[in-house]
Structures are given as structure tokens and as C-alpha cells.
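What follows is one structure encoded as C-alpha cells, with my remarks underneath.
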Amino acid sequence: MLKLITFSILASLTAPTVLAVAFNPGPIPLNWTTFIPCAVDIPSRVITGVVTTVLPNLTAASCIESCDAQNFIYAGVENGNECHCGSGIASSVLDSALNSDCNFACTGDASLSCGGAWRIQLYKSPALASGGWGFEGCFVDTPAAPAFADPVVHHTFDTNDNLFTNCLKYCGHIGLPWAGIEDAAECQCSFGLVPGAVDVDRSECDLKCPGPFGDPEQCGGVERLYVWKNE
């Protein structure tokens, strides 16, 4: 009897305290969007390929940032302290719930909501659907006459190894369907070319960078943008 009483006391001391709040997911970063404000989760999970982490400082934003960094497409917060990352949605078992069901305070900010008991707030990456990239040409790209129309995202990697592949993946991940490689060092992403962009011979984009097996790949040129489009 004494052991049972001791166990009951310890269980009550370690049980998490749930604070109820009004539905308030807070800001959504990285151009992610709300997929379903509040959905019913199940033991087999509505996010497929799911990786679940219990976090002492969870918010919807921190979960999205973590999932995005791991190249997941979907994110969800649940139970106040759970971050779920995955590659898809089990649409056959997906049901919406009332927003008011997602009323557990986030462990990272008690003014924000992070799902509930078997209730999950679902978010989706802007990543493009997987598909092929087609070559568009080699274009003049100068400060006075840029090839890509605004908005343009400029990105560099720690190394230019696999620059071609990494640039296309990066642009696709942030949801921009045009990718360009310049000076064997820089990756650019956009929604398209400026009107009147000047197309030059492909040989002017012949600077090389190391490919996946050490073989050199074409990686643009000096003020020449090697351009591909997601089909």
C-alpha cells in the first residue's frame, strides 16, 4: 500500500500541466501556409512519414522552422509540446476539427495555441511538387540588367560542390519555379525572367564546378545566368 501511495504522489507531481488558451497559432514563417487550422489526429498519424519531437519550447513557428530545415513538406503542432514533421498527408483519414479544440498553450509561448489532445494544427511548405527541370538558356545578368524579375532570392552554399543540383533543389523547396546559376558560385531563384532578358550562347555559361561524382558541371559564367525552369 505504501508503494502505491508513493507512486500516486510522484505521478501527480510529474504530470504535465495543460493551460487552455484561445486558438491563436501566431505568425507562420518561411512562406509556409496553414493547411488545416485544426484537425483530428489518430494513433497512426495523419502526417505520413512522420517524425515527432516533444519540445519544451514549442510554437507553431519553431516547429515549422525545424521541419523546414530537415526538408519536410508538412508540419503540425499538437498537445502543447509535440512537433510533427512529415512528407505527406493521409487524406483518407483526415478530418477537420473545431478551431476551439486546438486550445493547448504552446510550451514556448503560453499565449499561443499548439493543438490539443489528438488535435493538430497542420502547415504546408511552399515547396513545388516534384517534377523535372528544363533548360531555358544562358542569359546576361548584370546589376544594370538583371535576368530574373523581382522578387529574386540570392543564395550561396558552403561549397560549390553539386551547385547545379543543390540550387534546383533549393529553389524548388522555397516554392520558386525558376533557378539560375552564376559565376560557379551563386544560386538565384525567381518566378521568371524580366521582359527582354538577353539570351546568349550556352557556351558563355561554361564555368565549371564539381558534380556529384567529381565530374565538372556547367555552372554559369561571369554575369551570365544558367537558367532552368521547373516543369
Legend entry - Relative contact order (percent, whole number), segment 33-124, Cα cutoff 8 Å, 6+ residue spacing: 41 percent
Inset, instruction - Work out the FRET efficiency for Val140 and Ala69 from their Cβ-Cβ distance, taking R0 = 25 Å, and round it to the nearest 0.05. - result: 0.10
Legend entry - Where Tyr123, Tyr74, Tyr170 fall by accessible area, highest first, once all protein chains stay in place (1.4 Å): Tyr170, Tyr74, Tyr123
Inset, instruction - Determine how large the accessible area of Lys229 is when every protein chain is in place; take a 1.4 Å probe and give Å² rounded to the nearest 10. - result: 70 Å²
Inset, instruction - Rank Ile174, Ile42, Ile64 by mean-square fluctuation in a GNM of the chain with C-alpha springs under 10 angstrom and give only the top-ranked residue. - result: Ile42
Legend entry - By average C-beta atoms within 10 angstrom, highest first, the peptides 44-50, 56-62: 56-62, 44-50
Legend entry - Hull-based mean projected area of the chain, where the convex hull spans the alpha carbons, in square nanometres: 17.4 nm²
Legend entry - Accessible area expressed per residue, the chain, with surrounding protein chains retained (probe 1.4 Å, Å²): 52 Å²
Inset, instruction - Using a 1.4 angstrom probe on the protein heavy atoms only, line up Phe135, Phe191, Phe72 by accessible area, largest first. - result: Phe191, Phe135, Phe72
Inset, instruction - Measure off, as a whole percent, the carbon and sulfur share of the 1.4 Å-probe accessible area of the chain, all protein chains present. - result: 58 percent
Legend entry - Peptides ranked, highest mean first, by Cβ atoms within 10 Å: ranges 160-169, 76-85: 76-85, 160-169
Inset, instruction - Averaging sequence separations of C-alpha pairs under 8 Å and six or more residues apart, then dividing by the length of the chain, give the relative contact order as a whole percent. - result: 19 percent
Legend entry - Length added when fully stretched, Ala117-Lys169, from 0.36 nm per residue minus Cα-Cα: 15.1 nm
Inset, instruction - Take Arg202, Arg119 and sort them by solvent-accessible surface of the protein heavy atoms, 1.4 Å probe, largest at the top. - result: Arg202, Arg119
Inset, instruction - Kindly state, to the nearest 0.05, the FRET efficiency for Ala129 paired with Val18, given R0 = 41 Å and r defined as their beta-carbon distance. - result: 0.60
Inset, instruction - Kindly state, to the nearest 0.05, the FRET efficiency for Asp199 paired with Asp150, given R0 = 25 Å and r defined as their beta-carbon distance. - result: 0.80
Inset, instruction - Could you work out the per residue convex hull volume over the alpha carbons of segment 25-84, in cubic angstrom? - result: 86 Å³
Inset, instruction - Order the peptides 215-224, 106-115, 93-102 from the highest to the lowest mean number of other Cβ atoms within 10 Å of their residues. - result: 106-115, 215-224, 93-102
Inset, instruction - Along Cα→Cβ, 7 Å out, is where each label goes; now give me the distance between the ones at Thr33 and Asp161 in nm to one decimal. - result: 3.7 nm
Inset, instruction - Count charges around Asp215 for me, please; just the other residues with Cβ under 15 Å from its Cβ, Lys/Arg as +1, Asp/Glu as -1. - result: -2
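The values are calculated or read from the model by the stated rules, or taken from the named source; none is laboratory data. Given the structure is predicted, the values throughout are model-derived calculations rather than measurements. In this analysis, Cβ positions are derived from the backbone assuming ideal geometry, glycine residues included, and neighbour counts consider all displayed protein chains. The protein model used for the area step is the full one, side chains on, heavy atoms only, and it has no ligands, DNA or RNA in it. Shrake-Rupley method; radii C 1.70, N 1.55, O 1.52, S 1.80 Å.
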